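These notes are about the structure you will find just below.
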Amino acid sequence: MSATMEENSGFRLLQAQRARKAAEEDAQRLAVRVAQLQKEKDKSEKRITETRKRATVIHAYRRRNEESKQFKEALVKEREAEVSAQAKVLQETKAEASKRREESIKALEEAKREISRRAKEEREANERYLDEQKILDRKAAMEAKDEVKRQQTEQQQRLAMMKQKQMESTRDNYEQRLQREYEAQQEKEKDLQRMSKLELDLIEQLQQKQEEQKRAYEELETALLGGGGGTAKLGKSTKGGGVTAGGKSKGGAATEPGEEDVQKAFAAIDTEGTGTIPTEHLSDLMGALGITLDATQLKEAAEQLDAGKNGKVSYGEFVMWWNG
């Protein structure tokens, strides 16, 4: 009996030892797993922090690009407004000069008519005077006919001489006045020619100044486009993969025309020097630069360049799109 109890006691002790050992092993495995989970938690928090930092940097970069894009768009609009205002002033100057020239011509014609009218009036007055003088002469001759034949003859001779002198004097005065009027007319015509030449010179100088301002804006655009490495691209590839803003075909290695070539091609179409061309001439401009666009590509390029939907493409917009 005693031996059986000892065996039972030994068996229970062994079971208790095994249970304690199993609990210790479970505790160790649990501690290892808790440590692994803590490491995973730390890694997750680190990744979240890095992700948030990257998102902040990306937002700041996008904000800078948007501000740069808005500044360039405002600069282009301001330049277009100034060029349009100068073109309007030039047109008004031409209209005013044309109006002044027409007024001068009308005044000159009016002066000619006035001279002719006065000359006619003087001629008619002289004729009336002569007619009246003839009547008086006849009357005097008839009254003195019976009294003094000799006096009548002398009177007639004196009257004839007076008539001749008066006619000669009147004719001389008329010719002198007519000569003075012609000289005054020639002087006015010379003044008109000088004013017309001065007007043409001023218009030419104004056009030269407009060209200088245009070149100054082009230099400014070149400086803005070439100075910033992070400048946002304004041109976008057209759908269908045909042509990009720089005019290079996908999959090709064609030599891109330089900015001087672009300027010459644009000026060849912009014959009036307004700094803009109609959107329907965009195909001609691209063809002059060696780029062929199909209908879809041409339509999308026109939509990108004519953002204001006014049917025109400015030189500055085209250069930025081309360089993009």
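The values are calculated or read from the model by the stated rules, or taken from the named source; none is laboratory data. Keep in mind the model is a prediction, meaning the values are calculated, not measured. Neighbour counts are summed over all protein chains in view; Cβ atoms, including those assigned to glycine, are modelled from backbone coordinates with ideal geometry. Side chains included, ligands, DNA and RNA excluded: accessible areas come from the protein's heavy atoms. Shrake-Rupley method; radii C 1.70, N 1.55, O 1.52, S 1.80 Å.
Based on Cα atoms of the stretch 1-129, Rg over Rh with Rh as the Kirkwood radius reads 2.04. If you plug the beta carbon distance of Lys264 and Ala60 into 1/(1 + (r/R0)^6) with R0 = 56 Å, you get a FRET efficiency near 0.85.
Here the label points at Ala35 and Ala295, each 7 Å from Cα along the C-beta direction, are separated by 7.5 nm in the simple model.
Distance between the 7 Å Cα→Cβ label points at Ala107 and Glu73: 5.2 nm. Exposure check, 1.4 Å probe, all protein chains in place: Leu136 carries approximately 100 Å² of accessible surface. Given their separation in residues at 0.36 nm each and the Cα-Cα distance between them, Glu124 and Arg100 gain 5.1 nm when the chain is fully extended. The distance from the alpha carbon centre of the stretch 28-71 to that of the stretch 81-100 is 61 Å, rounded to a whole number.
Estimated from the Cβ-Cβ distance and a Förster radius of 56 angstrom, the FRET efficiency linking Ala87 and Ile48 is about 0.45. Taking the protein heavy atoms of the stretch 23-77 in the context of the full set of protein chains, the accessible area attributed to carbon and sulfur is 55 percent at 1.4 Å.
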